[in-house]
Amino acid sequence: TSRAHRASIGVGQFASSWTARMVVQRESGGQCDISSPGGTYRGKWQMNAEFWSHYGGTEFAARADQATCEQQDLIAYRGWVDRWWQPWPTAIP
């Protein structure tokens, strides 16, 4: 799927897709306020601070786990449009 095609898919369609739901389940069990044991990865999508900041997450909260689930979906979507599923190796069979 090309970047242009990914950009034409809305955040809601992205977040409700089978692959996105599977990634979220594997990454966080769907919990939006969770962090990894070392605190490196946070939130529903287990985003690190660099990813969160790079895709505009700090407009909502300092860390992903402090933002709403919907805000986290938007930031994950922006990263997905830019980098496909690369940030989430659990999505790759």
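Remarks
- Criterion (part of a helix (DSSP H, G or I), in contact (Cβ under 8 Å) with a residue 24 or more places away in the chain and more than 18 Å from ASP82 (Cβ to Cβ)) met by exactly one of ARG21, ARG26: ARG26
- Residue among ALA20, ALA15 that alone is of a type in the set (A, V, I, L, M), within 11 Å of the chain's Cα centre (by Cα), at pLDDT 95 or above and farther than 12 Å from ILE75 by Cβ: ALA20
- Residue count, segment 1-16 (criterion: open to solvent by 40 Å² or more (accessible area, probe 1.4 Å) and over 16 Å from ALA64 (Cβ atoms)): 10
- Residue in segment 2-10 that is at pLDDT 95 or above and within 12 Å of the chain's Cα centre (by Cα) present: no
- Extreme residue, nearest to PHE51 (Cα to Cα), among residues of segment 61-82 that are touching a residue at least 60 places away in the same chain (Cβ under 8 Å) and touching a Lys or Arg at 6+ places or on another chain (Cβ under 8 Å): ALA76
- Scanning segment 45-86 for residues that are in a loop (DSSP other than H, G, I, E, B) and surrounded by 22 or more Cβ atoms within 10 Å (Cβ to Cβ) turns up TRP45, GLN46, ALA67.
- Qualifying residue in segment 21-42 (condition: closer than 21 Å to PRO89 by Cβ, among the aromatic types (Phe, Trp, Tyr) and open to solvent by less than 20 Å² (accessible area, probe 1.4 Å)): no
- Flag for THR1 being in a helix (DSSP H, G or I) and of a type in the set (Val, Ile, Thr): no
The values are calculated or read from the model by the stated rules, or taken from the named source; none is laboratory data. Remember, predicted model here, so these are calculated numbers, not experimental data. Cβ: placed from backbone, ideal geometry, glycine included. Neighbour counts: every protein chain shown. The protein model used for the area step is the full one, side chains on, heavy atoms only, and it has no ligands, DNA or RNA in it. Shrake-Rupley method; radii C 1.70, N 1.55, O 1.52, S 1.80 Å.
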